[in-house]
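**Student:** Here you go, one structure.
Computed from the coordinates by the stated procedures, all read-outs in this text should not be read as laboratory data. Bear in mind that the values here come from a model prediction, so they are computed numbers and not experimental data. Quick reminder, even Gly has a Cβ in these numbers, built from the backbone with ideal geometry, and neighbours come from all protein chains shown.
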Amino acid sequence: MNDQTTVKLRLNNSELWGGLIGLALGGFVIWQGLKLKLGTINDPGSGYVLFYTGILMCVFAASIIISAITEGGPTLASRWQNVSWSKPLLVIVCLTAFSFALEPLGFLLSSIPLMLLLLRLIDPLRWTLAMPIAALAPLGMWWMLKRLLLIQLPSGLFGIG
């Protein structure tokens with residue numbers, strides 16, 4: 001194998017491109033953190049957490065890039081072979097419907113059907129397991145958000161939730 005083929009294989013490495021995108025995103029986060037002013041450790045500014053999060057993102061991205069260069073990785077085309085788009089599209093449709101239903105129906109009356117749909121359609125669970133999870137998980141979240149954290153949630157038509 002000659003040098004030109006090696007370079008071509010490395011440029012087709014999906015992990016390399018993922019690391020480069022992560023590095024660019026981390027650089028953007030650092031830049032935005034600097035624009036918001038860092039402050040000090042005793043008096044942090046608005047950009048303090050963003051700046052250090054961006055540094056951490058760049059470190060992780062650099063480790064992915066180094067690993068991709070030294071060890072190689074799958075090609076971009078191989079990542080997209082045999083991809084099933086039906087489930088991600090179904091999740092997007094369900095979340096879009098949830099966002100439209102949240103205000104008029106309220107948190108509980110919109111999140112319980114959403115959970116039931118996701119539990120039955122995406123990775124199907126038995127009805128005997130899906131029903132209690134679909135009811136108890138949103139009820140638990142509602143109680144924690146509304147009662148413990150005192151966050152106001154949309155109450156909807158019936159004043160529930």
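**Student:** Pick out the long, greasy-scoring helices in the chain: whole DSSP H runs spanning 15 Å or more along their own axis by Cα, mean Kyte-Doolittle at least 1.6.
**Tutor:** TM-like helix candidates: 48-71, 107-121.
**Student:** What FRET efficiency, computed as 1/(1 + (r/R0)^6) with R0 = 25 Å and r the Cβ-Cβ distance, is obtained for L139 and E103, rounded to the nearest 0.05?
**Tutor:** For R0 = 25 Å, the calculated efficiency reads 0.80.
**Student:** Can I ask one more? Per-residue ellipticity at 222 nm for the chain, helices alone: DSSP H runs ≥ 4 residues times -39500 (n - 2.57), over residue total, nearest 500 deg cm²/dmol?
**Tutor:** Computed mean residue ellipticity for the chain: -22500 deg cm²/dmol.
**Student:** To the nearest 0.05, what FRET efficiency results for A77 and R147 with a Förster distance of 45 Å applied to their C-beta separation?
**Tutor:** Rounded to the nearest 0.05, the efficiency is 0.35.
**Student:** Would you kindly state how much longer the chain becomes between N12 and K35 on full extension, computed as 0.36 nm times their sequence separation minus their alpha carbon distance, in nm to one decimal?
**Tutor:** Using 0.36 nm per residue and subtracting the Cα-Cα distance, I get 4.8 nm.
**Student:** Scan the chain and hand back the longest stretch that contains none of the chymotrypsin sites (Phe, Trp or Tyr not before Pro) lying in DSSP loops with at most 15 other Cβ atoms within 10 Å.
**Tutor:** For chymotrypsin sites (Phe, Trp or Tyr not before Pro) (loop position, at most 15 other Cβ atoms within 10 Å), the longest site-free span of the chain is 1-79.
**Student:** Further question: Computed FRET efficiency, Cβ-Cβ of L20 and L157, R0 41 Å: what is it to the nearest 0.05?
**Tutor:** Between L20 and L157 the formula returns 0.25.
**Student:** List the aspartates and glutamates whose Cα sits under 19 Å from the Cα of K87, skipping any in the same chain fewer than 8 residues away.
**Tutor:** D123
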